[in-house]
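The values are calculated or read from the model by the stated rules, or taken from the named source; none is laboratory data. Everything numeric in this text was worked out from a predicted model, so none of it was measured. Methodologically, a virtual Cβ is constructed for each residue, glycine included, from the backbone with ideal geometry; neighbour enumeration extends over all protein chains shown.
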Amino acid sequence: MARLLNPLSPLSSLVFFLSMMAYPAALSVRNYGVGRSDASPWVLTDAALQLDLTWMHLMTDVIACMFGAWSAWKACSPRSMVAPPWIGGSAVRRYGVPVLKGAALGSLAYAAGCLPAIVQTLRFTGGSVPVGALLMGMAVPAAMFALGYALGAIMGSRWSLVPATLLPAALCWGSVFLLMPRTPKGDVFPRAWGSPLAAAMPVMDTGIGAEPGLSINPSAVTARWVLVVVVLAASTAACILTAHRWRPGLSWIVAPLAVLLLVPTAAGGLVAMSGPAEWRRSAPFTPVCKSIDGVPLSVCAHPDDGAHLRRYMRYMRSAASWFPKDSVEDSSGLVLLLGNAFTPTTHGQAWNLTDQGLTELQHLGGKKIQVMTDTVTERTGRYSDLADVTQAIVKEFVHADCAATALENVYKQRTLDDGASVSAFVLEQLPQRMSETAYEALGGGNGSSGMGSARGPAADLLNDATDEEFHAYVRRNLSEIERCAVTPSNVIDDLGKSH
Amino acid sequence: MGGRHRRGSKRGGISVGWLAGRNPWAALAFIALAAAVPFLLASVSASATGGEIYARPAYYGYVCLPDPHAVVFNDAVHTQCPQGKSAVPSVVPMAELAYAAFSACALVMLAPLMPTWERLNLARVRWRALAAGTGVLMLPFLFSLLLTIPSSHGDPTTAQSLLRLAACNGLVDASLVMLGIALLGRFYGLGLGVGLAVINIASQGMQVGMGLTLRLYPEDIKPPVPGQGIWPAIAAVLTVFAVLLWTVTGGRGMIMDKK
């Protein structure tokens, strides 16, 4: 093994390999529920796994650079007694071989650290191995090792570990904190998405979430690996220049540093200019739609988005339970489209669906609202919380035109005077209470406080009612509320006697 | 004879005294930077209105705190924090990073280049080391605290509360670096000290669970962070211990004594 790793030291290679592997492995185990008896709520989707694979290498990058500096400063520097540069043999081989070996070690360590996450996701979702995303992640530790190696050879002192820690940390920090994600304006979301810098910088939040059907662009992977090859070559060249030009004083340092820093930057700039987009969204698909009995309410999702579909079906069943049977049949209905996968890619399309999917959606009828479950966009931002969805449900299914003026004054009135103000007061609280009851259906939520400014015996009874009492009350009196036929004394009679 | 008692005096062409073989002017420069730069950074980030580049933090994480008002979900939902806890941001501002980094540089500048030579004069070296170590830790801290005293009318400004937090947390980080350098010497000690500071930030969740935290959080955080009341005591103990260790080893690192 020692001969395989030559000239890298086997002990330090082992120590650094384990530390490069540690952070991604710990993240994989913690975030993916490895080792839990019931891991299903923890297992993330294929898209989330791909996003994680392009992010988890941050610590590994820094450690790989430190490994490079540590391996190089003693053995490869001109000041070294161990392998002084006048030893015969090809300079390319003397410096290129350790750089390649260390780069391979860094990539392997990252892949090994991500293995628990990949295995766990494949077990539970049955997708394919995310080779592209893994290659994107593996590229950066390789480049960082080479950078560190050249820094160690140039500085020739163990203090090269300091810039070898600070430089990748600054790069990663800059790409995380300085480069902000964008969202496209308007109603379309392009098929290929990602800032042109994403292939050049170690990590970048390009603004896309874990959409079903997300895949990484092979051109971006290729571009990044081309950049890695350039960095490896530049580092080897910087080491060779150091060996040949070293002399007392500091004048020799300009050429190697220039090669080490400027060549990769120029190559990175070229990659950024050619701008391959990092991510590819889902191709047009046929959605899976499920309808709720009793109310014209349906939920549609991408075939790979089963978990979100199940969850929203539970929410919608809870919301539908507020309407007594056959009370909302005359409404055209509401269809929830889950997630950004539905967003069209061109202005001509209605949705990002196949023809079969579009006809299915048309058959469902009703008003379509797109709910945000993954990527944040202008379009889905309107329906990012369950309360927004329940508000749309209330607006669509409950027609209380007589309470329209009262609804405008619901935060101005002091007491509840007549049926219209009671209806407005109830309708103002209704979306919030519906969403809380829906969360409770999933085991969450706590009590709520009322909304609307009115106070008084009727208003207080409504505000203090628990979600179950309010639910039962609305179910009993929905048609009267719609006709503004509930007076405050009706409220006191109805709710008061149940206390 | 008299020259031995004067700092930096020459005897037969060889510098004597505690500062011989160290970089006192570089250390002073770093102390001045540690006093001035955090203030500038704090003012600049406090005046940022929204997400400007120079207001970005050095590190942004979160800590899970017990919260009686936390929303409860069953296992079907994957939450950021376990049941009964909610997430609170744990930020390392650039001001704190600058403070700790410049203090660390000052400490490294004060590490000797002739440690075996100093072994001959260790008692006197220790007094000077005590003075220098206290100066490196306390001068920037007291200067920053002075700047955070609110003016006669009104509450402290945002910049002042930012600076106070950065200086207090930076002091803890600098003490940890001083501890590391006192133990392991200039190079490995810097690594140990920085590692200890990083471990401190990373283990905040565990520390909160134990009820005492070695970091200060903003006062208006909800839910309140447990253990903030004892922070001054813990920080004082840590600082005193670090200065003590630095004095005892004369800023030379314990491993050097073994040779």
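Numbers for the structure displayed
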read-out: Tally of residues being part of a helix (DSSP H, G or I) and either farther than 15 Å from B:Ser161 by Cα or of a type in the set (D, E, K, R) (or both) across the stretch B:33-54; value: 7
read-out: Candidates B:Val71, B:Val16 - the one that is away from every other protein chain (no Cβ under 14 Å) and either in contact with a Gly (Cβ under 9 Å, 6 or more places away or on another chain) or modelled with pLDDT of 65 or more (or both); value: B:Val16
read-out: Wholly within the stretch A:303-410, helices (runs of 4 or more DSSP H) carrying at least 3 residues that are farther than 23 Å from A:Ser282 by Cβ and outside the structural domain of A:Phe425 (by TED's automatic domain parsing); value: A:306-320, A:386-397
read-out: Test result for A:Ser107, among the polar types (S, T, N, Q), part of a helix (DSSP H, G or I) and within 14 Å of chain B (Cβ to nearest Cβ); value: no
read-out: When residues of the stretch A:162-174 are limited to those that are out of contact with any Leu (no Cβ under 8 Å at 6 or more places or on another chain) and more than 9 Å from chain B (Cβ to nearest Cβ), the one surrounded by the most Cβ atoms within 10 Å (Cβ to Cβ); value: A:Leu171
read-out: Boolean, A:Ala220 is touching a residue at least 12 places away in the same chain (Cβ under 8 Å), assigned to a helix (DSSP H, G or I) and under 25 Å from A:Ala150 (Cα atoms); value: no
read-out: Identity of the residue in the stretch A:134-159, part of a helix (DSSP H, G or I) and within 11 Å of another protein chain (Cβ to nearest Cβ), that ends up modelled with the highest pLDDT; value: A:Trp159
read-out: Any hit, the stretch B:44-54, residues being surrounded by fewer than 12 Cβ atoms within 10 Å (Cβ to Cβ), of a type in the set (A, V, I, L, M) and at pLDDT below 85; value: yes
read-out: Subset tally (residues that are surrounded by 20 or more Cβ atoms within 10 Å (Cβ to Cβ), of a type in the set (A, V, I, L, M, F, W, C) and within 14 Å of another protein chain (Cβ to nearest Cβ)) for the stretch A:274-319; value: 1
read-out: Meets criteria (over 30 Å from A:Arg476 (Cβ atoms) and either outside any loop (DSSP other than H, G, I, E, B) or not polar (S, T, N, Q) (or both)) for A:Ala272; value: yes
read-out: Cross-chain or 6+ apart pairs with Cβ under 7 Å, the stretch A:191-204 first and touching a residue at least 60 places away in the same chain (Cβ under 8 Å) and surrounded by fewer than 20 Cβ atoms within 10 Å (Cβ to Cβ), then outside any loop (DSSP other than H, G, I, E, B) and basic (Lys, Arg); value: A:Arg191/A:Arg280; A:Ala192/A:Arg280
